[in-house]
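**Student:** Could you have a look at this structure, given as C-alpha cells, before my questions?
The values are calculated or read from the model by the stated rules, or taken from the named source; none is laboratory data. What you are looking at is a predicted structure, and each value in this text was computed from that prediction instead of being measured. Cβ placement follows ideal geometry from the backbone for every residue including glycine, while neighbour counts extend to all protein chains displayed.
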Amino acid sequence: MTFESSQVNTVLTDSFTTLVHQLSTPEVFEGYTDDPEEAARIWGTRATRYGLVGTMLGEFRSCREKYEKALDYTIERLEIDVPESEREEMLSPWENRPAFDDVPPGLERLTDAGYEVYVLSNGDHDMLDDMIESAGIDDYVSGTISASDVGFYKPDPRLYRHAAVQTGTPVTEIAHVTASWNDVLGAMHTGMQGVWLNRDDRTWEDILGDADLEVNTFHEFADTLGD
C-alpha cells in the first residue's frame, strides 16, 4: 500500500457503513423473524445486486426503489408475514442512522485542516440530506454527490469522474474514504487514492490489489494527512 498525503486536496467519503451505521440493519426485522441478522444480510446483498445489474444494463433505478424491491424479495424468500401497511415504515431507517463516534470529530479535524469533504454515495439525495442532519455533520460536509445524478452506481468509474468534476478537483488529488472494498477499488481504478476504513479488523479481499491506505477511524486518517 502506498499513500501520498501531499497529493490530497479534497476528501470524498462514502455514506452508509462509513459515516453512519448500515442501512439494512437487523432491527428492521425484529419482531418479524427469528433471524433478523440473516434477513438484513439478504436485504442488503439483494439491493446491492439490483443496483449493479441496473448499472450494467443501463436501467438505473433509484436507491429507494432498489431497497423496496429487495425488501419485497427478502420478505417473500423468508416467508415473513409483514402487512403492506408496515413495509413503508421498514424502509425509513436511514432517517435516523447514528454516526460512528469518530465521524463528527474526525471530519471536523479534516475541515479545520483545510480539506473540503464531500459525500459520494449510491444513496438518493433526500436520503443523504436526512443522514447528514441526523448524524450532526452538516458543518463539515461541503456537498453530496449521488449515483442518481448520473444514473450509474458505484463502483462504475463514471460516477467517480463525475464526483471529481463536481468538486473541481483532479482525480489524482482526491482521497476517497470508504468501508466498502469494492468502493475503494472503484476510486483507485479512476485515479483517486483509495482509503479503506476498516473499523472491524476485517481481512482485505485481495482480488485486484491492496487499498492505498487502511485506517480504523477518521482520526487515524486525519493523522495520516498530517493534521
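**Student:** If you go through the range 137-164, how many residues are closer than 21 Å to E4 by Cα and hydrophobic (A, V, I, L, M, F, W, C)?
**Tutor:** 2
**Student:** Against the condition touching a residue at least 60 places away in the same chain (Cβ under 8 Å) and either assigned by TED's automatic domain parsing to the domain that holds Y160 or not hydroxyl-bearing (S, T, Y) (or both), how does G31 come out, does it pass?
**Tutor:** So G31 fails the test.
**Student:** Might you check whether a residue that is touching a strand residue (DSSP E or B) at 6+ places or on another chain (Cβ under 8 Å), over 24 Å from G194 (Cα atoms) and not aliphatic (A, V, I, L, M) occurs anywhere in the range 13-29?
**Tutor:** no
**Student:** Could I ask something else about it? How many of the residues in the range 1-54 are crowded, with 17+ Cβ neighbours inside 10 Å, within 25 Å of Y153 (Cβ to Cβ) and polar (S, T, N, Q)?
**Tutor:** So the count comes out to 8.
**Student:** Of all residues in the range 1-58, how many are modelled with pLDDT of 90 or more, within 21 Å of E88 (Cβ to Cβ) and in a loop (DSSP other than H, G, I, E, B)?
**Tutor:** 1
**Student:** Next up: Please find, among V119, V82, the residue that is touching a strand residue (DSSP E or B) at 6+ places or on another chain (Cβ under 8 Å) and either outside any helix (DSSP H, G or I) or in the same structural domain as R199 (by TED's automatic domain parsing) (or both).
**Tutor:** Selected residue: V119, the only one of V119, V82 that is touching a strand residue (DSSP E or B) at 6+ places or on another chain (Cβ under 8 Å) and either outside any helix (DSSP H, G or I) or in the same structural domain as R199 (by TED's automatic domain parsing) (or both).
**Student:** Do you know which residues across the range 105-124 are closer than 21 Å to G186 by Cα and either over 18 Å from the mean Cα position of the chain (by Cα) or among the hydroxyl-bearing types (S, T, Y) (or both)?
**Tutor:** Correct list: Y118, S121.
**Student:** Select from the range 45-102 the residues that are charged (D, E, K, R) and touching a Ser or Thr at 6+ places or on another chain (Cβ under 8 Å) and list them in ascending order.
**Tutor:** R46, E95, R97, D102
**Student:** Which condition number in (1) within 20 Å of R46 (Cβ to Cβ); (2) among the aliphatic types (A, V, I, L, M); (3) touching a residue at least 60 places away in the same chain (Cβ under 8 Å); (4) crowded, with 20+ Cβ neighbours inside 10 Å is the one that M90 fails?
**Tutor:** The failed condition is (4).
**Student:** Report, ordered by the first and then the second residue, all pairs with beta carbons closer than 9 Å, sequence separation of six or more or different chains, a first member in the range 3-28 that is more than 30 Å from Y73 (Cα to Cα), and a second member that is modelled with pLDDT under 90.
**Tutor:** Filtered contacts from the range 3-28: S5/G226; S6/G226.
**Student:** Sort out which residues of the range 185-226 are on the phi > 0 side of the Ramachandran plot and surrounded by 15 or more Cβ atoms within 10 Å (Cβ to Cβ), and write them in order of number.
**Tutor:** Hit for the range 185-226 is G191, nothing else.
**Student:** Which residues, taken from the range 62-103, are within 21 Å of T17 (Cβ to Cβ) and among the small types (G, A, S)?
**Tutor:** S62, A70, S92, A99
**Student:** Can you tell me which condition L78 does not meet? The list is (1) without any contact (Cβ under 8 Å) to a residue 40 or more places away in the chain; (2) of a type outside the set (V, I, T); (3) over 28 Å from L159 (Cα atoms), and all the others hold.
**Tutor:** (1)
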